[in-house]
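First the structure, in the form of structure tokens, and then the observations on it.
The values are calculated or read from the model by the stated rules, or taken from the named source; none is laboratory data. Every value quoted in this text rests on a predicted model; they were computed, and no experiment measured them. Here the Cβ positions follow ideal geometry from the backbone for every residue, glycine too, while neighbour counts run over all protein chains shown.
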Amino acid sequence: MQIVHHNPARFQVGNMASVAVRYPIGHYRVPMYLRGKQVEIIRILGRYINPEEEAFGRNAGSKIWSYLITIPQMKLWPNYMGDENDRLEIEIFEPWLEHLKISNNE
């Protein structure tokens, strides 16, 4: 029996992505300091009900992909004094991730 995946994850482990820069009204689960940053996908966590939509009663039980991402602490905090290998790992839902835009100059 062949399995048909109607909603595959948009990102794979090892992909680089950008965290969307949006300022929606209300409480959202993406810290401001991550928005606009380039991150690496290190684990696909599965599909879960979107808590941001569920909180407003707009979800109807649909599920979206969630990922574990990582970013060096030095990329977040310009004056970071810890070890250069220190990284932040955090869970994020797929709608907040964007594929990197590559310019023609690179």
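General observations
- Matching entry among Gly46, Gly61, Gly57 (being touching a strand residue (DSSP E or B) at 6+ places or on another chain (Cβ under 7 Å), outside any strand (DSSP E or B) and surrounded by fewer than 13 Cβ atoms within 10 Å (Cβ to Cβ)): Gly61
- The number of residues in region 52-82 that are of a type in the set (S, T, N, Q) and either under 20 Å from Gly36 (Cβ atoms) or under 11 Å from the mean Cα position of the chain (by Cα) (or both) comes to 4.
- For region 64-82, residues that are loosely packed, with under 15 Cβ neighbours inside 10 Å, within 24 Å of Pro8 (Cβ to Cβ) and at pLDDT below 95 total 0.
- Single residue of region 18-37 satisfying the filter (loosely packed, with under 13 Cβ neighbours inside 10 Å and in contact with a helix residue (DSSP H, G or I) (Cβ under 9 Å, 6 or more places away or on another chain)) that is nearest to Ile90 (Cα to Cα): Tyr33
- Residue, farthest from Met74 (Cα to Cα), within region 28-50, restricted to residues that are modelled with pLDDT under 90 and touching a Phe, Trp or Tyr at 6+ places or on another chain (Cβ under 8 Å): Asn50
- Condition met for Asn85 (over 18 Å from the mean Cα position of the chain (by Cα) and either at pLDDT 95 or above or assigned to a helix (DSSP H, G or I) (or both)): yes
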